[in-house]
Amino acid sequence: MKIFCAPDGLSAETINNNQNELLLATIDYARQMSPFYKEILQNAGTLQSAAHAREYLDKLPFTTKQDISNNNWNFLAVKKQDIAEFVSTSGTTGEPVFLALTENDLERLTCSEERNFNTINAGKEDLFHIVVTCDNLFTAGIAYYRGLIRRGASVARIGPKSIIRHFQLIKELRPTGIVAVPSFMHYLIRHANEIGINIPDLGIEKIVLIGDSIRNTDFSTNTLGSFIENSFRRKVFSTYGISEGQISFGECEFHHGLHGHTDFVYVEIVSDEGIPLQDGEIGEMVITTLQHEGMPLIRYKTGDITFKLSGQCLCGRNSVRIGPVLGRKHHRLKVKGVTLYPKTIENAIFHLKDVINYQLEAYTGDTKTDHIILRIGSHRNDDKFRSSLIDILRAKTRVVPEIEIASPNEIEKKLFEGGSRKAITFKDRRIKLHE
């Protein structure tokens with residue numbers, strides 16, 4: 001299949017018609033080529049025309065991460081000799097699953113990221129410092145790399161090296177842009193302040209963040225995002241990606257939601273009961289991948305909690321947008337009557353400058369309720385610091401976890417226990433996950 005990469009600026013009607021045609025093509029392709037979907041779609045009957053694609057889709061069952069884990073290679077829709085690359089999920093929410101990409105899937109991935117970088121005007125005059133890993137079957141670093149190269153930018157693929165090495169390379173190469181997770185930027189800023197480096201003097205003008213959200217539900221910048229923006233004196237751009245779908249969403253200059261690419265993904269938001277929700281209503285994001293050859297997905301439950309907006313953005317585009325990701329569905333906590341996500345606690349503690357790193361752990365207490373341990377990495381462990389922690393947590397989250405304070409190095413070891421390639425900031429030991 002030749003990848004159709006739609007131009008920006010299409011009308012809502014054109015986008016709607018294109019998506020209907022692409023949904024029809026995706027369903028037909030999965031019916032013919034995917035062993036997993038063949039039986040499901042045969043039992044669902046035939047989709048007669050593109051005009052009925054969404055109505056037909058609504059009647060199909062959801063696909064889950066467990067489905068892929070249990071039937072990994074039954075999702076493969078191409079011959080093995082047609083696979084260009086294998087990638088995998090991180091495994092931070094269970095066993096990692098393998099994903100197969102064809103040359104066309106890599107082109108689709110490149111086109112997606114090229115658009116995101118086009119939005120922030122990345123181009124030939126830029127050198128981007130990529131902190132995200134490009135190895136170990138991880139897809140994000142490769143996606144950013146390919147998108148930037150397509151835009152004509154220069155790239156320095158650094159990955160998660162020591163902070164000293166990062167500063168050496170930034171000083172020598174003088175990058176104008178950086179791609180990183182927010183927690184790394186937080187660490188970089190703190191370390192720069194400790195050794196007397198003025199952050200704006202680094203010359204980094206374009207900051208692209210992956211992973212943790214830097215926006216509140218009203219699209220204002222949260223504590224972590226504000227800390228980074230104030231330190232660099234620049235607006236930062238948030239992105240969100242899904243390894244299983246090989247797609248990404250990115251902010252435009254108005255920072256009012258993350259734009260999806262409607263020729264590559266169809267987005268739904270559903271309630272806990274699986275009922276589709278309207279624009280602005282918070283629920284779990286469900287995706288159907290479009291133009292995806294290797295392992296297409298139909299109604300895949302991402303586990304991420306957010307909302308969508310379908311109206312025209314201030315930038316003029318009519319592509320669907322999603323709000324900031326509030327958390328993972330199965331990470332939802334209920335503590336003494338308060339429902340919250342780990343990110344709520346994480347965002348609260350960024351108010352305190354002496355917090356270097358942290359890890360949250362949830363477990364089931366004797367009363368079969370959720371309990372939380374907050375491990376703080378800090379060079380302080382006095383009563384005043386502990387009191388400040390309690391005050392800010394009570395004010396921002398209405399919950400005060402058990403608090404353990406250790407050295408930053410001890411917490412760093414816990415974050416990467418077991419050889420994890422991602423920092424495990426939330427450890428879930430609950431016997432039962434409460435919905």
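Annotations
- Cα-based Rg and Dmax for the range 352-393, where Dmax is the largest Cα-Cα distance (Å): 12.3, 35
- Surrounding net charge for Ser69, when Lys and Arg each add one and Asp and Glu each subtract one, Cβ distance under 14 Å: -1
- Antiparallel DSSP beta bridges within the chain, as percent of all bridges there, nearest 5: 60
- Whether the range 1-88 is rounded, prolate or oblate, judged on the alpha carbon gyration tensor where a/c under 1.5 counts as rounded: oblate
- Pairwise centroid distance, computed over Cα atoms, of the range 143-168 with the range 182-205, Å: 17
- Inter-part distance where the range 292-336 and the range 382-397 are each reduced to a Cα centre, Å: 32
- Mean Cα-pair separation over length for the range 212-353, i.e. relative contact order, pairs under 8 Å, 6 or more apart, %: 20
- Based on alpha-carbon atoms, the Kirkwood radius and the radius of gyration of the range 43-109 give Rg/Rh equal to 1.05.
- The Kirkwood hydrodynamic radius of the range 40-192, based on inverse pair distances between different Cα atoms, is 18.4 Å.
- Rounded Å value of the spacing that divides the Cα centres of the range 63-137 and the range 226-256: 18
- Cα-only Debye scattering, the chain: base-10 log of I(q)/I(0) at q = 0.12 Å⁻¹: -1.06
- Using the Karplus relation 6.51 cos²θ - 1.76 cosθ + 1.60 with θ = phi - 60°, the per-residue 3J(HN,Hα) values for the range 369-384 come to 10, 6, 10, 10, 10, 10, 9, 10, x, 7, 8, 10, 8, 9, 4, 5 Hz, with x marking Gly and Pro.
- Area of Met33 that stays accessible when all protein chains are in place (1.4 Å probe, Å², to 10): 90
- Per the Debye calculation on the range 15-56 with a single equal scatterer at every Cα and no solvent contribution, log₁₀ I(q)/I(0) for q = 0.15, 0.25, 0.29 Å⁻¹ amounts to -0.33, -0.81, -0.98.
- Share of Cα-Cα pairs in the range 168-235 lying beyond 16 Å, as whole percent: 46
- Relative packing of peptides 48-55, 62-69 - highest average C-beta neighbours within 10 Å first: 62-69, 48-55
- Base-10 log of normalised Debye intensity for the range 292-398 (one unit scatterer per alpha-carbon) at q = 0.10, 0.12, 0.16 Å⁻¹: -0.46, -0.62, -0.88
- Spatial extent of the range 198-259: Rg and Dmax, with the Cα atoms as the point set, Å: 12.4, 39
- Whole-number percent relative contact order across the range 286-430, with pairs defined as alpha carbons under 8 Å at least 6 apart: 19
- Within the same chain, lysines fewer than 8 places from Lys384 are excluded, and of the rest, those with a Cα less than 17 Å from its Cα are Lys353.
- Taking the average, over residues, of other Cβ atoms within 10 Å as the packing measure, peptides 372-380, 423-431 rank 372-380, 423-431 from highest down.
- Compactness of the range 85-167, expressed as Rg and Dmax over alpha-carbon positions, Å: 13.8, 41
- Here's the list of aspartates and glutamates a cross-link from Lys80 could span, going by alpha-carbon distance under 13 Å and ignoring same-chain residues fewer than 8 apart: Glu103, Glu293.
- Whole-number percent relative contact order across the chain, with pairs defined as alpha carbons under 8 Å at least 6 apart: 13
- Over the range 262-332, the pair-distance histogram of Cα-Cα distances with 5 Å bins from zero comes to 3, 17, 25, 24, 17, 11, 3, 0 percent, rounded to whole numbers.
- Mean Cβ count within 10 Å, highest first, over the residues of peptides 313-320, 294-301, 10-17: 294-301, 313-320, 10-17
- Helix-only arithmetic for the chain: the sum of -39500 (n - 2.57) across DSSP H runs with n ≥ 4, divided by the residue total, places the mean residue ellipticity at 222 nm at -9500 deg cm²/dmol.
- Histogrammed with a bin width of 5 Å, the alpha carbon distances of the range 228-281 distribute as 4, 15, 17, 20, 21, 10, 8, 3, 1 percent, first bin at zero.
- Pairs spanning more than 24 Å between alpha-carbon atoms, out of Lys124/Lys171; Lys301/Lys334; Lys206/Lys413; Lys343/Lys427; Lys334/Lys413: Lys206/Lys413; Lys334/Lys413.
The values are calculated or read from the model by the stated rules, or taken from the named source; none is laboratory data. If you're wondering where the values come from, they're calculated on a predicted model, not measured in any experiment. Don't worry about glycine lacking a Cβ; one is built from the backbone with ideal geometry, like all the others, and counts go over all protein chains shown. Surface areas here come from the heavy atoms of the whole protein model, side chains and all, with no ligands, DNA or RNA. Shrake-Rupley method; radii C 1.70, N 1.55, O 1.52, S 1.80 Å.
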